[in-house]
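Here the structure is laid out as structure tokens; the discussion comes afterwards.
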Amino acid sequence: MKTLLSLLRPYEPIIRLILALMYITGLVGLHISASEDLFRLLVPFHLITTGVLLLLFQELPTRSFWLFCLAIFLMGYGVEVAGVHTGVIFGEYWYGATLGLKVFEVPLTIGLNWLVLTIGAGMLWQGRPLPLVVRATLAAACMVFLDVLLEPVAVRFDFWHWKNEQIPLQNFLAWALVAWVFCLLFQLVRFPKINRLAAYLFLLQVLFFATHRLLLSF
């Protein structure tokens with residue numbers, strides 16, 4: 001019996017092209033005043049679509065893989081809930097409406113985003129002849145770099161907001177620690193580290209937010 005991945009694999013180039021076009025369309029749509037509100041509404045759909053596709057492209061999704069996904073989703077969501085309600089983890093911030101349905105004042109898509117970023121960054125360094133801890137550290141550094149790119153974009157498009165409109169250094173330090181723990185778990189949990197879409201999606205996000213930053217500077 002064919003798996004869903006085996007059915008999707010012949011269409012991988014088309015799926016990659018569609019994803020790239022989704023990011024390009026979103027980039028343009030958010031920067032045109034007439035369409036900005038519409039494209040903000042589409043952000044949760046975009047995040048869920050990319051997350052589902054990433055999971056579908058996982059080779060041999062074992063039980064340990066799904067447990068890993070559940071753990072990262074819950075821990076990522078949980079640390080954000082604690083962060084929003086205490087202000088002691090990332091600093092004082094709150095979520096806007098753009099990321100969709102919120103529970104405990106945190107969008108559910110945030111847990112999915114932590115998962116997508118962790119797998120994507122982890123796959124960037126997978127298979128390289130480096131110690132496990134070094135691969136986890138490099139992957140976490142990539143996640144922090146992405147956060148540096150996206151923070152001003154997130155504020156501009158009502159993803160989240162910071163007290164006094166200042167992004168604290170504490171945020172990046174906390175991101176580094178949380179990302180490192182998640183990336184270390186990615187290395188330690190035993191499941192096939194093969195996903196042809198994960199690193200591609202991570203790089204698309206880097207280009208997406210880097211271009212946003214450039215456009216916002218004009």
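The values are calculated or read from the model by the stated rules, or taken from the named source; none is laboratory data. Computed from a predicted model, the values in this text were never measured in an experiment. Neighbour counts run over all protein chains shown; Cβ positions are idealised from the backbone, glycine included. SASA here: full protein model, heavy atoms, side chains in, ligands and nucleic acids out. Shrake-Rupley method; radii C 1.70, N 1.55, O 1.52, S 1.80 Å.
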Inter-label distance for His46 and Leu215, nm, one decimal - labels placed 7 Å from Cα along Cα-to-Cβ: 0.8 nm
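By how many nm would the segment from Glu105 to Leu74 grow when fully extended, if each residue of separation counts as 0.36 nm and the alpha-carbon distance is taken off?
Working: separation 31, 0.36 × 31 = 11.16 nm, distance 1.49 nm.
Residue separation times 0.36 nm, minus the Cα-Cα distance, leaves 9.7 nm.
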Max mean-square fluctuation residue, GNM over the chain, Cα-Cα springs under 10 Å, options Met143, Met75, Met22: Met22
Lys193 accessible area, 1.4 Å probe, all protein chains in place, Å² to nearest 10: 40 Å²
Share of Cα-Cα pairs in the range 1-50 lying beyond 16 Å, as whole percent: 51 percent
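For Ala20 and Arg63, what is the calculated FRET efficiency with R₀ set at 30 Å and r taken between the beta-carbons, to the nearest 0.05?
Details: r = 33 Å, r/R0 = 1.08.
Calculated value: 0.40.
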For Thr137, solvent-accessible area (1.4 Å; no DNA, RNA or ligand), Å²: 70 Å²
Chymotrypsin sites (Phe, Trp or Tyr not before Pro) restricted to the range 92-199 and DSSP loop, no more than 12 other C-beta within 10 Å: Phe104
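Take the Cα atoms of the range 147-218, build their convex hull, and give its volume per residue in Å³. If you can, show how the numbers build up before the last one.
Details: hull volume 7.3 nm³, N = 72.
Hull volume normalised by residue count: 101 Å³.
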Amide H contacts under 5 Å for Trp160, placed H, 5+ residues apart: Gly96, Val155
In order through the range 200-207: 3J(HN,Hα) via Karplus (6.51 cos²θ - 1.76 cosθ + 1.60), integer Hz, x for Gly, Pro: 4, 5, 5, 5, 4, 5, 4, 5
P(r) histogram, all alpha-carbon pairs of the range 58-212 included - 5 Å bins from 0, percent: 2, 10, 17, 23, 22, 14, 8, 4, 1, 0
The chain, relative contact order in percent, only Cα pairs under 8 angstrom and at least six apart counted: 27 percent
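Could you work out the helix-only [θ] at 222 nm for the chain, with each DSSP H run of four or more residues adding -39,500 (n - 2.57) and the total divided by the number of residues, to the nearest 500 deg cm²/dmol?
Details: 8 runs with 150 residues, N = 218.
Calculated mean residue ellipticity at 222 nm is -23500 deg cm²/dmol.
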